[in-house]
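Q: This is the structure I have questions about; it appears just below.
Just so it is clear, none of the values below were taken in a lab; they were calculated from the coordinates. Source: prediction; values computed, not measured. Here the Cβ positions follow ideal geometry from the backbone for every residue, glycine too, while neighbour counts run over all protein chains shown.
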Amino acid sequence: MNVDKIVSERKRLEYIVDNCKFETAEQVCELFEAYTHLIWKYKQVGRIYDFYYDDMIIHREGGNDLIGIDKVVQDTLACLAAFPDMEFKFYGIHGVGNPEDGFRFGQAVYFAGTNTGISKYGRGDGSSLPPHECVDLCECLIKKIDGRWRVVEEWGTRSTETMDRVLRGLKSKQVEKATEKQPIEENQLNTIEVEETEEVLVKG
């Protein structure tokens, strides 16, 4: 993607986010899909303050809840520090609700990124998150507070073991199995080559 296309896409996403009327669930879904791309792909992390309520809660697996908007920002920045090229790839997003009662939406995504930055385990070794292996599912509740639409509560779960494994520079079980098989195959190949050479020498 060249510079012109990058700028054009960013402007299109910004227009969607800045002009949502919150009249239908479809509009809300379009908004938050665009918003997600702006935060992760275009690093506009400050937009979290535009759409998350100050005292909001993100309920996460294992009781690792995030309480308060500052914690959400810190968590996002930590993830981007480890994976500077991190993006969310959408499987889908679906919403319900109305302007009177508020909206809910649920989304399913997977992470795509390379660990070239810094995390709690130190400097990354350049390992990438395997496609479709680090998945995130979440549901958000959006209410109008003091005249502004905000996410007030979120429930989510993600493949934390996969992300942690990549951050620690460990290989997946699939990669380990493939690596284990490789030396055996090479040894077998060498044996075959030796046998063929001996056979030629005998015939000669």
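Q: Note down the nm distance, to one decimal, between modelled labels 7 Å out along Cα→Cβ at K143 and at N98.
A: 1.9 nm
Q: Cross-link list K41/K89; K41/K143; K11/K41: which exceed 20 angstrom alpha carbon to alpha carbon?
A: Beyond 20 Å: K41/K143.
Q: In this model, which of K71/K144; K5/K144; K43/K71 are farther than 28 Å apart at the alpha-carbon?
A: Distance filter (> 28 Å) returns K5/K144.
Q: Still on this structure, please answer the following. Just order 1-8, 36-43, 110-117, 145-152 by mean Cβ neighbour count inside 10 Å, highest at the front, would you?
A: Top of the packing list down: 110-117, 36-43, 145-152, 1-8.
Q: Could I have the simple spin-label model distance between H132 and Y91, label points 7 Å from Cα toward Cβ, reported in nm to one decimal?
A: Here the answer is 1.0 nm between the modelled labels.
Q: Ok, one more. So how far apart, in nm, are the two label points at A108 and D164 if each is 7 Å from Cα heading toward Cβ?
A: That separation, rounded to one decimal, is 2.4 nm.
Q: Measuring from centroid to centroid over Cα atoms, what is the spacing of region 40-68 and region 109-173 in Å?
A: Computed from Cα coordinates, the inter-centre distance equals 12 Å.
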